[in-house]
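Just below is one structure, and these are the notes that go with it.
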Amino acid sequence: MEIEYVIIDDKRFGIINEITNENTTYVFLANLEDPTEQLIRKYTKENQEDLIPLENDAEFDFALSLFNE
């Protein structure tokens, strides 16, 4: 099975899950070489090309709650 991945800081992160809330899609990622390294990034309807970091801890907590539902 082939895993879709993105490169962040010269590391390959597999796309584990995506959840859309309003105009933002949150993407749960895991490092393919070290699965204990995990990230949540986002993209918007206006900019679907770039995965960008979350703005603050509150947004991280919100995104994490979406994945835990």
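The values are calculated or read from the model by the stated rules, or taken from the named source; none is laboratory data. None of the values given here were measured: they were computed from a predicted structure. All Cβ positions, glycine included, derive from the backbone under ideal geometry; neighbour counts span all protein chains shown. When the accessible area is computed, the model is the full protein with side chains, heavy atoms only, and any ligands, DNA or RNA have been set aside. Shrake-Rupley method; radii C 1.70, N 1.55, O 1.52, S 1.80 Å.
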Filtering trypsin sites (Lys or Arg not before Pro) in the range 22-69 by DSSP loop and by at most 12 other Cβ atoms within 10 Å leaves Lys45
Relative to the chain, whose Cα atoms define the longest principal axis, helix 57-68 and its Cα axis are tilted in degrees, nearest 10, by 70
Everything considered on the Cα gyration tensor (a ≥ b ≥ c; rounded for a/c under 1.5, else prolate if a/b is larger than b/c, else oblate), the range 5-44 must be described as prolate
If the chain between Asn68 and Ile8 were fully extended at 0.36 nm per residue, the gain over the current Cα-Cα distance would be 19.2 nm
Bounding extents of the chain in its principal axis frame from Cα atoms, largest first in Å, are 31, 24, 24
Excluding ligands, DNA and RNA, the carbon-plus-sulfur percentage of the accessible area of the chain with a 1.4 Å probe reads 44
